[in-house]
Each structure stands twice: as structure tokens, then as C-alpha cells.
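Here's the structure, in C-alpha cells; my notes come after.
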Amino acid sequence: MTSQAPANQSDWNTRVQLAQQMLPLLTRLHNEKNVVTSIFGRLLVDVTDIDIIKHHRYARLVTETELPLTATLPIIEELVQMDLGTASIDLGRLAVGFAAEDSTDLRGYLERELAPVIGTAEDRTPADIVLYGFGRIGRLLARILISREATYGGARLRAVVLRKKSGEDIEKRASLLRRDSIHGAFNGTITVDEENDIIWANGTAIQVIYASDPAEIDYTAYGINDAIVVDNTGVWRDRAGLSKHLESKGVSKVLLTAPGKGDVRNIVYGINHDDITDDDADRVLSAASCTTNGITPVLKVINDRYGIVHGHVETVHSFTNDQNLTDNFHKGPRRGRAAGLNMVLTETGAAKAVAKALPELEGKLTGNAIRVPTPDVSMAVLNLNLATEVERDEVNNFLNKVALHSYLRQQIDYIKSPDVVSSDFVGSTHAGIVDGLATIAEGTNLVLYVWYDNEFGYSNQVIRIVEEIAGVRPQVWPKRVSAKTLG
């Protein structure tokens, strides 16, 4: 990002005043119209005036100038007066689009761009979601679902299923949801009703169900119907095992938060989620792995634009719960060595798994992994041989545009900052973040470094699939464009 002279105090105060004018208007849009706003994907929900200023600064245009608050405030003021239905509206794209029209008729522009959501307000029944398992990913999914229920109202967390009950079990589960060493405190309040096995989180009643067999649960007894079960345990990864969930009363579909085996389709949101059908075969799906989600979107846009002849993916991955804290026996090679003290060379199936979501890369990628002593955020190094020659700046500019304007904006982020390290990406909602300063391009060889929060970023991808198959995914306006159309 091009460095700029710091704003003087007067300019800063003006920005703060403009942001403070926006805050009550944004609240009205959300509360009265169920409209969520963003600046190039950065949500303006539960934000402060400083957050708004930072989002505008992030939302640099292709020329790397900041998006002025004076461009978005008039848009917000108009939106409050319009008869809008439930939607997610990108103020950044609207501001850029209106500036490009060189017009003074803002209301007319907004009515054209937002025509599909004008006069469409309606009540919709939220989809019931059940989390089967409540480990690292399960608890993050719970946090996201609770937050998005308050924001969009489309999907609601109804229950968590655990395999066995021990002393003070529910209190301990609630405590782990309340506090997290990596992701911080839960944003809200959590209380426990031990008598009825309920965790209350920000007014959401989460029924805790204890069961040893998925097929034995009657979810309808808890008022849960047509639920999507998100299996976080990894105990079952093939269709036969996962289909046990479908034998339960009240379950309509199952989503696995690990790579599926056999004929279980691996879905990477943004890549092949449009292929999901209502057929019985798609009642059981997989959200693939965190690494597959982190690299597939970037590989797709690079392959579409330049053509990938062959590539190697090396993942530098934070240690996970399946490794030992101290040296001890482990059924897997090398994973028995102390995770906090060693870099551990291991295998990853992510490179091959890419082809399950992106068939055109079948047989073109190899991969390996190194586990490192950090608790979260990983990196994938994409070493690619392309069909055409490339230049570093051209590739970076293209990926920056993809991150700002394309339909893969939630999957691909882009950063160009000299001092970023892994901890800076904790809490990223993107599947992967391209580090522009690390890009290497020489002839037909291209090396990209892609950061990804292997916990939170992946969990957001899972929730996107959940909302998609539940039919409650928020509409985003203006419509995003294909990465292929970006110059």
C-alpha cells in the first residue's frame, strides 16, 4: 500500500464526526430493515467510529487512494429512507460505482443498483443448526452462528451433541465457549441451566444433548426440525458413517468439517458451492479442509488467468490437537514429537484435494506440510509453473482487484504490508490472504504466499456452506463480478 502523509488533527476530527453520524444510521438500517452494510466486505456491524475509519482506509481503490467517508455517508442517508428488504449492501462498491457514473442523481443510481431488494421485506423462518461435537472448530462455529443469528436471522444454533457426560460437563463446555486463549473472550454473555442441560448465549438457548450414537437422537423432542447437522468430530468421514445422522428424527442434511472420503463431495465455498443439488446424494457433504479452503480460491483465479502447468504446495501449519505436547507414542509418523518444540514434517492431502473442488487441476499439484510451534494461523507457499509469463506487480494488482471486487472477495484477501506476521491474521474471516510483498515472479514461475486462519477462517467457510444449503444465505448487493472480468 502506498504510504501517505498522516492526516492533520483537523482532518482526523472531521473523519470522526462523519463516522459518528453514520453509527445511528447503520443501527437503523439493521434494526428496522434487516440490512447489513459493509465496506468492500468489511462488515459495519457492532463497530465504533474508529472501526469505520479503518474500514474506509482499508478499502483503497485500485489507485490506492482511500475511500472518503464523505462518499459513503450520503449513501447511508439515502438507504435509511428507502423501502429495502433483507440484504447485505456494500457501501464501498456503491460509492465507487456512483463516482464512475459522474452523476448527481444518487437516489436514482441506488434504485437501479438495488432494485431486486426494494420492497421485498419479508419474515423468514430461520434454519435449525445442530453441532455434533464441540471442540476447537465446534466452539468457533457456535460463536459465528450466534453472531450471525443476531445480524441476519437466517440460521440459528439449536443444539450441541456430545458423546458422554462427566462431572460439571456442561459448565466446563460453557467456560470453553466463554474464553479462548487464541480468539479471546466471547462477545456477550453466557449462562448455564444445568437442570435442563442448556447453555444460554446472548439469548440463544443451546440444548446440550448427550448421545453415543447419532441415530438414537430424536431432535424433534427438542422442537428441532429439518436440521442441518454439522459433524465436527471427524469420527465418520464416509457416506455410510455420516448417514447415521440422517437416521435421527428431525435431520435433513449433514455437513462434515473435514475432508470427505469415498463419494462424499468436498465443497469449497466460492468454488463449487453452486453445484450443490437437492438430490439425496448431496444430503451428506464435506467442507473439505482448512488448507484446501485456503488455497483453492487463489489457485482458481491464477489458473483461469495464466494457466497452471504444474505446482507444489508447501503448507507451514500451526500444530493441532492430534499432536503430542511432549514426546510420546503416536500412530502417525513424527506427530509423536513435542508439538511446541519442533517443526514436524508431515503429509497433507490438501494439494490432491484441490482437484475434488477444481477438477481442471487434477494431477497438476503436489504437496507437503510442516507443523510449527504456533497455535493458530498457517501459511501455504504456492510454487507454480504457469502457461504464460508473468510480472510481479501485474499479478499483485490482479489479486488485489479480486479481493476488492470479485465474487471471491470473502475467500481471497490481499495485503501488502512490510511487518505482518502470523498473529496479525488471527480472526480473519477470509479463506486465505495473499501476502503481496512476498510474491515472486520470474518468467513462467510464480510463487505466492497465502496466510490463513486455519481455525476461524475455515469456520467461516463452513458457515457459508451451512447457510447455502439451508437457503438462508444473505443476498449481497451490488452483485459481485467474476474474477475473469477484472483487468
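Set side by side, the residues 355, 369 differ, and just one is crowded, with 16+ Cβ neighbours inside 10 Å, farther than 18 Å from residue 430 by Cβ, hydrophobic (A, V, I, L, M, F, W, C) and without any contact (Cβ under 8 Å) to a residue 24 or more places away in the chain, which is 355.
Condition (residue is in a helix (DSSP H, G or I), within 25 Å of residue 400 (Cβ to Cβ), small (Gly, Ala, Ser) and modelled with pLDDT of 95 or more) applied to region 289-312: is it met by at least one residue? Yes: region 289-312 contains one or more residues that are in a helix (DSSP H, G or I), within 25 Å of residue 400 (Cβ to Cβ), small (Gly, Ala, Ser) and modelled with pLDDT of 95 or more. All of 264, 251 fail the test of being surrounded by 13 or more Cβ atoms within 10 Å (Cβ to Cβ), on the phi < 0 side of the Ramachandran plot and in contact (Cβ under 8 Å) with a residue 40 or more places away in the chain, apart from 251. Examine region 296-310 for a residue that is surrounded by fewer than 19 Cβ atoms within 10 Å (Cβ to Cβ), over 20 Å from residue 433 (Cβ atoms) and of a type in the set (A, V, I, L, M), and state whether such a residue exists. Yes, there is a match, as at least one residue in region 296-310 is surrounded by fewer than 19 Cβ atoms within 10 Å (Cβ to Cβ), over 20 Å from residue 433 (Cβ atoms) and of a type in the set (A, V, I, L, M). For region 158-167, check the following and say yes or no: at least one residue is buried (at least 20 other Cβ atoms within 10 Å of the Cβ), touching a residue at least 12 places away in the same chain (Cβ under 8 Å), not assigned by TED's automatic domain parsing to the domain that holds residue 377 and not aliphatic (A, V, I, L, M). Yes: region 158-167 contains one or more residues that are buried (at least 20 other Cβ atoms within 10 Å of the Cβ), touching a residue at least 12 places away in the same chain (Cβ under 8 Å), not assigned by TED's automatic domain parsing to the domain that holds residue 377 and not aliphatic (A, V, I, L, M).
Condition test on residue 241, is it free of Cβ contacts under 8 Å to residues at least 12 places away in the same chain and either outside any strand (DSSP E or B) or among the hydrophobic types (A, V, I, L, M, F, W, C) (or both)? It is true that residue 241 is free of Cβ contacts under 8 Å to residues at least 12 places away in the same chain and either outside any strand (DSSP E or B) or among the hydrophobic types (A, V, I, L, M, F, W, C) (or both). May I ask you to verify whether residue 195 is at pLDDT below 95 and either under 23 Å from residue 470 (Cα atoms) or among the hydrophobic types (A, V, I, L, M, F, W, C) (or both)? When the stated conditions are applied, residue 195 does not pass them. Consider residue 321 carefully, then state whether it is surrounded by fewer than 14 Cβ atoms within 10 Å (Cβ to Cβ) and either assigned to a helix (DSSP H, G or I) or in contact (Cβ under 8 Å) with a residue 40 or more places away in the chain (or both). The answer is yes for residue 321. Among residues of region 200-212 being under 28 Å from the mean Cα position of the chain (by Cα) and assigned to a loop (DSSP other than H, G, I, E, B), the one that is farthest from residue 143 (Cα to Cα) is 203. Among the candidates 215, 221, single out the residue that is in contact with an Asp or Glu (Cβ under 6 Å, 6 or more places away or on another chain), assigned by TED's automatic domain parsing to the domain that holds residue 471 and not in a strand (DSSP E or B). One residue alone meets the criteria, 215.
Among the conditions (1) modelled with pLDDT under 95; (2) outside any helix (DSSP H, G or I), residue 285 misses just one, which is (1). Just one of (1) in contact with a helix residue (DSSP H, G or I) (Cβ under 7 Å, 6 or more places away or on another chain); (2) not assigned by TED's automatic domain parsing to the domain that holds residue 414 fails for residue 282. It is (1).
You will find that of 92, 133, the residue that is at pLDDT 95 or above and surrounded by 17 or more Cβ atoms within 10 Å (Cβ to Cβ) is 133 and no other.
Among the criteria (1) more than 21 Å from residue 470 (Cβ to Cβ); (2) surrounded by 14 or more Cβ atoms within 10 Å (Cβ to Cβ); (3) more than 24 Å from the chain's Cα centre (by Cα), the one residue 180 does not fulfil is (3). Per the conditions (1) surrounded by fewer than 18 Cβ atoms within 10 Å (Cβ to Cβ); (2) in a loop (DSSP other than H, G, I, E, B); (3) on the phi < 0 side of the Ramachandran plot, the sole criterion not satisfied by residue 393 is (2).
Here residue 407 fulfils each of the conditions (1) modelled with pLDDT of 95 or more; (2) of a type in the set (Ser, Thr, Tyr); (3) more than 12 Å from the chain's Cα centre (by Cα) apart from (1).
Residue 334 fulfils the conditions (1) assigned to a loop (DSSP other than H, G, I, E, B); (2) under 30 Å from residue 88 (Cβ atoms) except for a single criterion, (2).
Residue-by-condition table, conditions (1) free of Cβ contacts under 8 Å to residues at least 40 places away in the same chain; (2) among the hydrophobic types (A, V, I, L, M, F, W, C):
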residue: 420; (1), (2): yes, yes
residue: 449; (1), (2): no, no
residue: 463; (1), (2): no, yes
residue: 475; (1), (2): no, no
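The values are calculated or read from the model by the stated rules, or taken from the named source; none is laboratory data. Note that the coordinates shown come from a computational prediction; the quantities given were computed from them, not determined experimentally. Cβ: placed from backbone, ideal geometry, glycine included. Neighbour counts: every protein chain shown.
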